[in-house]
Structure formats: C-alpha cells, structure tokens
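Notes to accompany the following structure.
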Amino acid sequence: MSLSESDTRAKLIDPALHARQWTEDLIKREESAGSVQIVDGKPVKEKKGRIDYTLRVRVNPSTQPVAVALIEAKGYDIKAVNPHARVDVDTRTPAELLDLIEQKGREVDEAIKRLRESLS
C-alpha cells in the first residue's frame, strides 16, 4: 500500500496522536520551522521550512504551550512482508510437469469412469 505524505498524516499520524490523548489545541500543523543556532557566540538563523506537526504541552495554565516534539510526515510504500517466510521453488523440469499433468489426467479419467458407473 502506498501512502502520500497527506495520506500518511490523515491515516497514520493523526489517529496515532489522538489515540495517545493529544488534543487539537496542543497540535500545530504546517508550521514554519525557522530556528536560531548560536555560532561563535552569535545567533544565526537557519533556513526556514515547514514542519508537519509541532506537539506542545501546557506547562502553566497562564502561559502559552511549549513545543516538545516536531514530526515530519513522509510518503511511504508499506508492504506486508514476512521475513521468515519459506520460499518454495519448483525445480521440476518441463518434462516432469507434463508427466505429472498426464498422470493427474488419468486419475481424473478414472474418477469420472467410477462416477458414471455409480450412476448406472
């Protein structure tokens, strides 16, 4: 199953956040993500971008919530694969397969013959 970034947010991230009791007032979506780094004792603004989610907590009822987590959604190609699955490889030759088909055909013919006899 392939998921676009939008589908990833709607089908995976949003339900997971709500299941863990994050409320909408503490979830900010599509927020600008400019940050400041201190380089050689001077503040330097980093490139601005967009963060898909900023999760906040309210430390004090009288103050603004504080950001505690940033989540970047991505598109995914999700496949269910069993890493322990046994791989069956048919190593029979074409001649062996034809012989098997012929044998099974004789078994079917014999079964049909017995059915017809039971009906008479």
Legend entry - Whichever residue in the stretch 68-83 is of a type in the set (G, A, S) and either in a loop (DSSP other than H, G, I, E, B) or in contact with an Asp or Glu (Cβ under 9 Å, 6 or more places away or on another chain) (or both) and, among such residues, is surrounded by the most Cβ atoms within 10 Å (Cβ to Cβ): A73
Legend entry - Unmet requirement for V44, which otherwise passes all of (1) assigned to a loop (DSSP other than H, G, I, E, B); (2) among the β-branched types (V, I, T); (3) at pLDDT below 85: (1)
Legend entry - Cβ pairs under 9 Å, 6+ apart, first in the stretch 38-53 and over 30 Å from R9 (Cα atoms), second β-branched (V, I, T) and at pLDDT 80 or above: none
Inset, instruction - Might you check whether a residue that is part of a strand (DSSP E or B) and at pLDDT below 85 occurs anywhere in the stretch 50-64? - result: yes
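Select from the stretch 2-32 the residues that are among the acidic types (D, E) and modelled with pLDDT of 90 or more and write down the one among them that is surrounded by the most Cβ atoms within 10 Å (Cβ to Cβ). Give the derivation first.
Step one: list which residues in the stretch 2-32 are among the acidic types (D, E), which gives 5, 7, 14, 24-25, 30-31.
Next, from what is left, pick out any that are modelled with pLDDT of 90 or more: 14, 24-25.
Values: D14: 17, E24: 10, D25: 9.
For the stretch 2-32, the residue satisfying everything is D14.
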Legend entry - the stretch 70-81 residues that are on the phi > 0 side of the Ramachandran plot, paired with ones that are loosely packed, with under 11 Cβ neighbours inside 10 Å and of a type outside the set (A, V, I, L, M) (beta carbon under 6 Å, 6 or more apart): none
Inset, instruction - Those residues that are among the small types (G, A, S) and either more than 42 Å from the chain's Cα centre (by Cα) or closer than 26 Å to D14 by Cβ (or both), I need them from the stretch 61-113; list them, please. - result: A67, A69, A73, G75, A80, A95, G105, A111
Legend entry - So G105, is it of a type in the set (G, A, S), out of contact with any His (no Cβ under 8 Å at 6 or more places or on another chain), surrounded by 10 or more Cβ atoms within 10 Å (Cβ to Cβ) and without any contact (Cβ under 8 Å) to a residue 60 or more places away in the chain: yes
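The values are calculated or read from the model by the stated rules, or taken from the named source; none is laboratory data. Since the model is a prediction, treat every value here as computed from it, not as a measurement. Every residue, glycine as well, gets a Cβ built from its backbone with ideal geometry; the counts of neighbours run over all protein chains shown.
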